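**Q** Below is a structure I'd like to ask you about.
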Amino acid sequence: MASPRARLTRLFQDAFRAQGLDPKFGDVSVSDRPDLAQYQCNGALAAAKQLKKNPREVAQALVAEIEKNANQFLPGIETPFTLSLAGPGFINLVFSDEALALLAQQQSDDSRLGVEKTQQPRTVVIDFGGPNVAKLMHVGHIRSTIIGDSLRRIFTFVGETVIGDNHLGDWGTQMGMILAEIRREQPSLAFFDPSKKSGFPKESPVTVEDLERIYPIAAKRFKEDPDFAKEALEATRQLQTGEHAGYRALWQHFVDTTLADMNRNFNRLGVRFDHHLGESFYEDKMPALVEKLKAGGFTELSEGALVIPVTDEQEPERPPVILVKSGGGFLYHTSDLATIQYRVNHFKADLVLYVVDKRQSLHFRQIFEAARKTGLSGRTKLVHTPFGTMNGADGKPFKTREGGVIKLKEFIELVVDSARKRLAEISADRGLEAAELESIAEKVGLATIKFGDLKNNRVADYVFDPERFSAFEGATGPYLQYAAVRIQSILRKAEDQGFRPGKVIAPVGASERALALELQKLPDVIARAHESYEPHPIAEYGLSLAQAYNSFYKDCHILNEKDPARRDSWLRLCELTLRALKLSLDLLGIEVPERM
């Protein structure tokens, strides 16, 4: 079932076509003057300019054509809307109450609330998360994780086949540095016996906290101590070639230990992945890839390194993609190209979204151009889906009070604790048990984090304010949760009194019409989020829907209404609103508690 706006657009396009005009001018949009109209079409002005005609005359002819075929919009309703002209040729539209009631009824009867599945479903790989092995996740990982998960939910809902891939940083020189540092601290570990080929301890000798402590020590020593640097590079080589079995076994503990800690964070956030394919997964695929690119004539030597030039007219100074560095060995560029090749050939991806910080835009321009130039990407569309930074009150990336980078689990707990304290203030008179209060605090805290992020344009930087974002009023996740909880409460009370949502929706009052109209926007909002790779239209819509419902709730005293037909119509409208609000929040990864 197409949205009302989409159906109106088709009707208007047919009218433009019938008048010998380009149907592209027939696009219908929600009116920017709700006091005058509900929907509008401004295409008559552009069409008239192209034909050098009077725009109002063109618009009048279009209105006559549309009115002639208006009953096609909603079969069974002769006059579903009225049209009027404004200004030099704007066409305004207002639905009849009969039409609006039928539209609301159709949406309520539809299990998908009027949201159509895509006609040409694709296989979409979403690359998000992407933390590094041997490091605790920190607040800098939150945006990729939250945005990527929301996109995964949106793309799945519209019918795409989605593969979520957490591309781990688990290879390279940093692994050799950590191995060398642990060897200095614990030289007697069985993992460092070069003659031992198997039977290594099944328990990791280090925790993820140990790795977090060791890495900066190793990195500093690597820069300052040439002997240590040589040792670390040799450990890296032996790890990657597999000739030192102990290094490989200990490295696997790094991966498993770190991934277990990551998954605790991901699970708490309600985020899931289909794969955790790190850079190491592509190590054995890179030599053949490099040979293929050399044989294809795509490479050249530059200062001893093997590179792929990727300059073009738009960016003539763009640095080359380095496949093999001058001293030998592969780099991130090589790994990323091997990843593209695998996603194209193995996953058969039609689209790959890279949900990565906007500061990596040059890297992706290089990689995508190399993939296009060499044919590795084939017909697969590669898209960098950049995002800005989450900042503190000082406008700089969010940190602890001491100025350090805050760990992700600490950040989550900080926000959940803020929600816990707010809820404790109001829970005494609501009969909330401690366990339920804790469950609600968790949901409210996560809503604070997610909505605080997703309500923003993806590429924009924003300031995260835990106090303001956890409020139960304003543009916040808890505000939307509370709106949904209020509807749930009304429906429960209605059921307790023996009232049931009616079979029909019959909006006749101003706030009822406004709410029914707001509900009709849902399919277009989800389509826009899907097409733009942007969750924020859904967040904005959730706020508008909650505000429209609150106005309706203020004007319509549902459970006190004496007219059963009107009361039951309102209950059906409540039920529909709850479904739309819950769907919107679910696409943002936000759960609604039963009570608050």
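The values are calculated or read from the model by the stated rules, or taken from the named source; none is laboratory data. Remember, predicted model here, so these are calculated numbers, not experimental data. Note: ideal-geometry Cβ built from the backbone for every residue, glycine included; neighbour counts use all protein chains shown. Note: areas computed on protein heavy atoms with side chains; ligands, DNA, RNA excluded. Shrake-Rupley method; radii C 1.70, N 1.55, O 1.52, S 1.80 Å.
**Q** Could you figure out which of (1) assigned to a loop (DSSP other than H, G, I, E, B); (2) touching a Leu at 6+ places or on another chain (Cβ under 9 Å); (3) open to solvent by 30 Å² or more (accessible area, probe 1.4 Å); (4) within 21 Å of A506 (Cβ to Cβ) isn't true of L102?
**A** Of (1) assigned to a loop (DSSP other than H, G, I, E, B); (2) touching a Leu at 6+ places or on another chain (Cβ under 9 Å); (3) open to solvent by 30 Å² or more (accessible area, probe 1.4 Å); (4) within 21 Å of A506 (Cβ to Cβ), only one is false for L102: (1).
**Q** Looking at (1) under 27 Å from Q120 (Cα atoms); (2) open to solvent by 30 Å² or more (accessible area, probe 1.4 Å), which is the one condition that is false for V352?
**A** V352 satisfies all of (1) under 27 Å from Q120 (Cα atoms); (2) open to solvent by 30 Å² or more (accessible area, probe 1.4 Å) except (2).
**Q** Can you find a residue that is closer than 30 Å to E413 by Cα and surrounded by fewer than 17 Cβ atoms within 10 Å (Cβ to Cβ) anywhere in region 297-318?
**A** No, every residue in region 297-318 fails to be closer than 30 Å to E413 by Cα and surrounded by fewer than 17 Cβ atoms within 10 Å (Cβ to Cβ).
**Q** Another question about this same structure. Go through region 470-507 and give me each residue that's of a type in the set (A, V, I, L, M, F, W, C), part of a loop (DSSP other than H, G, I, E, B) and closer than 20 Å to I558 by Cα.
**A** If the condition is that a residue be of a type in the set (A, V, I, L, M, F, W, C), part of a loop (DSSP other than H, G, I, E, B) and closer than 20 Å to I558 by Cα, then F499, V504, I505, A506 are the ones that fit.
**Q** Now for a different question. So if I check each of P309, P319, which one is in contact (Cβ under 8 Å) with a residue 40 or more places away in the chain and in contact with a helix residue (DSSP H, G or I) (Cβ under 9 Å, 6 or more places away or on another chain)?
**A** Exactly one residue qualifies, and that residue is P319.
**Q** Tell me, yes or no, whether region 44-65 has at least one residue that is modelled with pLDDT of 95 or more, in a strand (DSSP E or B) and β-branched (V, I, T).
**A** no
**Q** Return the total of residues in region 190-240 being among the hydrophobic types (A, V, I, L, M, F, W, C), open to solvent by 80 Å² or more (accessible area, probe 1.4 Å) and modelled with pLDDT of 95 or more.
**A** Summing the residues that are among the hydrophobic types (A, V, I, L, M, F, W, C), open to solvent by 80 Å² or more (accessible area, probe 1.4 Å) and modelled with pLDDT of 95 or more in region 190-240 gives 0.
**Q** Find all pairs meeting these conditions: Cβ atoms under 7 angstrom apart; at least six residues apart or on different chains; first residue within region 363-387 and over 29 Å from D461 (Cα atoms); second residue open to solvent by 40 Å² or more (accessible area, probe 1.4 Å).
**A** Once the first residue is over 29 Å from D461 (Cα atoms) and sits in region 363-387, its partners that are open to solvent by 40 Å² or more (accessible area, probe 1.4 Å) give K373/F298; T374/G296; T374/F298; T380/D350.
Residue by residue, here is whether (1) β-branched (V, I, T); (2) open to solvent by less than 20 Å² (accessible area, probe 1.4 Å); (3) touching a residue at least 12 places away in the same chain (Cβ under 8 Å) holds:
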| residue | (1), (2), (3) |
| --- | --- |
| D127 | no, yes, yes |
| S144 | no, yes, yes |
| G148 | no, yes, yes |
| L151 | no, yes, yes |
| G169 | no, yes, yes |
| Q174 | no, no, yes |
| L179 | no, yes, yes |
| S188 | no, no, no |
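**Q** Under 6 Å between Cβ atoms, at least 6 apart or on separate chains: pull out the pairs that start in region 322-335 with a residue that is farther than 17 Å from A370 by Cα and end on any residue that is not aromatic (F, W, Y).
**A** S326/G304; S326/A305
**Q** Could you tell me whether I487 is of a type in the set (V, I, T), at pLDDT 95 or above, open to solvent by less than 10 Å² (accessible area, probe 1.4 Å) and within 30 Å of V355 (Cβ to Cβ)?
**A** No.
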